[in-house]
Each structure stands twice: as C-alpha cells, then as structure tokens.
Amino acid sequence: MLYPWKVTIFLVISLLSLHKVYPAPPSAESLKKVHTILAKHPLVDTHNDLPWNLRTTLFNDIQKFDFNSDLKNDKNWMKSTPEEKHTDIPRLKIGGVGVQFWAAYVKSSSQYKDYVEQTLEQIDVAKRLIQKNRKYLQYATSVDEIKKSMKRNKIASLIGIEGGHSIQSSLGILRMFYELGVRYMTLTHNCNTPWADTWNDSTTNAYTPVNNGLSPFGIKIVHEMNRLGMIVDISHTSHDTQVQALQNTKAPLIFSHSGVYAKCSKGRNTEDDVLGLL
C-alpha cells in the first residue's frame, strides 16, 4: 500500500499544466541545474494517458510497439491524435521521470454498459507494456517498490483508474481493482456517478449535480480507499465534491492533472479555497 507516507517523494502535480505559457528556451546553465535536481529527486508524473492511446491506435496490440524509440517519427503511431502522444522511453529519461502512473481510462459513455470490462483491459495493457519494457520500467504498488525501482535506475510504474464510473458503484469491485495493482482512483471523469458529481457532465455538456458533491455512499468509497491505501484523486470533480472529499478523507488527496483556476479560469481547474484545504 502507499500509506503511510514513509519517505519524502517530490510529487509533482500539474496544477499549472492547463495554463498556457510559452517561455523562452532555457539556457544550458538552467538545464544543468534542472538535471542535477532531477538526478537526486526524480519527477513523479501522476497521470499518463498512453494506455488509452494504445487502445485507440493499436487496439491494445503492443507486440510490434517499440516504446524504446523516438515515436515522434513513427508514422503509424502518429497518424491519429498526434497532439495527444507525448511519451516514449527516451523522452521519459530526458525528462527525469522516476515514477509514472499509467491511467486506466475508459470513456464516460461506457458507464452502465461494459465499463468494468474495459477498465480491466486497460489495466492489462498497462501491465503488459511494463513487462515488455522491464529493462527500463518496473511495476510498483508501494513506496518500498518505488524506492527499489529508483535504486535500479528504472522508472517505477504504477496504475491509476481515471473515473469512479469504472467501479460500477461497488466496493467489492473497488477492492478487486486494488488487488490488481490500482493505487489511485479519480472519483469522476466527465460524467456524474451515482455517488459523486463531476465538474461538467459530458452527457448534458453542463454542470448538472445529482449529489451536490458526494453522496453518503461516496463518502464511504473515500473511506474505503483510505483504508486500502488507494490514493483519492479529485481531478475532474466538481467544487463541492472536492471540498467534501477533503473534509472527509483520512489520508492525503491529490489532483493528478488539474490547473489553478486563478491562473486559468476553466471550470475544471482548482479554486483557491480548495487549494487552502489541500
């Protein structure tokens, strides 16, 4: 499990990532300083959608997928949604990434259909990707395993579920996902669940709360995640969901991929009062 937090890890959460800034190229001296820092304190990337790219581009067939290559020059890989494909092992190394959470994401439209099955497939492809590239990546589910990966100069690879719709409102399914190695879950994606509100429901294309945050069962899910040692992620959730999750959790929460509302006033971004609670 990832709790208690026994070591200090520089957990970089992309709270400014949705604010577009185009600075001047860094100087050689600045880059040297960055690489010196990252050599001691590797970057923790809390959300990477590569498994979804594998599903939509290769139908999860990774036999001929060369992850240890410059994928920017792979025409077959880049033929669709090139703006969403930023990852390969060479770039992870250059970026100083020491810990990577791979997102097991399925579309909100799969809710009440085959979303559990699809989530299992995404966990499977993430594990197969890690195993195939075990020379560079190491599967991890705990802080101790992360530390061992770093000592071996490998990228510790963990799995997170992006969207509470994946558990079908079932504590049993949540527990089974934990047993399969899932170490965080985003409470919602772009759809409300029966127990938590999203920031903007894709089914209505508007903020349409059904729980005004978390339902009593939603709070129970947060507490069960705390008990298991599964990190609660509140990216994509509504303001009320964020506040209530922070008020009810018994362990630290994260925003795995969100922006700061004061810097970029998009509804998905995090407001100052929530940052104060965090």
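Rule-based calculations on the coordinates, nothing more; no lab input. As the structure is a prediction and not an experimental result, all values here were calculated from the model. Glycine gets a Cβ as well: all are built from the backbone with ideal geometry, and neighbour counts include every protein chain shown.
Over every Cα atom in the chain, the radius of gyration and the widest Cα-Cα span, Dmax, amount to 18.4, 53 Å. Applying the criteria of a DSSP loop state and at most 13 other Cβ atoms within 10 Å to the chymotrypsin sites (Phe, Trp or Tyr not before Pro) of the range 94-129 yields 112. The magnitude of the dipole of the range 133-278, with charges of +1 and -1 set on the Cβ of Lys/Arg and Asp/Glu and taken from the Cα centre, is near 920 debye. What pairs in 64/107; 113/148; 151/263; 93/250; 85/113; 148/266 have C-alpha atoms more than 30 Å from each other? Beyond 30 Å between Cα atoms: 113/148; 151/263; 93/250; 148/266.
For the chain, the longest principal axis of the alpha carbon atoms and the long axis of helix 28-40 meet at an angle near 70°. Between the range 150-180 and the range 243-258, the C-alpha centres lie 17 angstrom from each other.
If you average the C-alpha positions of the range 221-240 and of the range 102-132 separately, how far apart do those two centres end up, in angstrom? Result: 19 Å between the Cα centres.
In the chain, a dipole from Cβ-located charges (positive for Lys and Arg, negative for Asp and Glu) runs towards its positive end, and of 38, 62, 277 it is 38 whose Cα lies farthest in that direction. Rounded to the nearest whole angstrom, the semi-axes of the ellipsoid equivalent to the range 130-249, taken from the Cα gyration tensor as √(5λ), stand at 30, 15, 12, largest first. Rounded to the nearest 20, the Cβ-based charge dipole of the chain about its Cα centre (Lys and Arg +1, Asp and Glu -1) stands at 1160 debye. Using 0.36 nm per residue and subtracting the Cα-Cα separation, the extra length available between residue 24 and residue 170 on full extension is 47.7 nm. Ellipticity at 222 nm from helices only: DSSP H runs of n ≥ 4 in the chain, each -39500 (n - 2.57), divided by the residue count, give -10000 deg cm²/dmol. Only one residue of 226, 27, 116 has its Cα farthest out toward the positive end of the dipole of the chain, where Lys and Arg carry +1 and Asp and Glu -1 on Cβ, and that residue is 27. Which trypsin sites (Lys or Arg not before Pro) does the range 99-193 hold that lie in a coil by DSSP with at most 10 other beta carbons within 10 Å? Hits after loop and neighbour filter: 135, 152.
Could you point to the residue in 192, 251, 203 farthest towards the positive end of the chain's charge dipole, with +1 and -1 charges on the Cβ of Lys/Arg and Asp/Glu respectively? Sorting the options by dipole projection puts first 251.
Under 20 Å from a label point set 7 Å out along the Cα-to-Cβ vector of residue 179, the amide N atoms of the range 119-156 belong to 119-128, 140-142. Among the trypsin sites (Lys or Arg not before Pro) found in the range 39-69, those both in a DSSP coil and sparsely packed, with 14 or fewer other Cβ atoms within 10 Å of their Cβ, are 64. Per-residue extension of 0.36 nm, minus the Cα-Cα distance of residue 273 and residue 248, leaves a gain of 7.4 nm for this segment.
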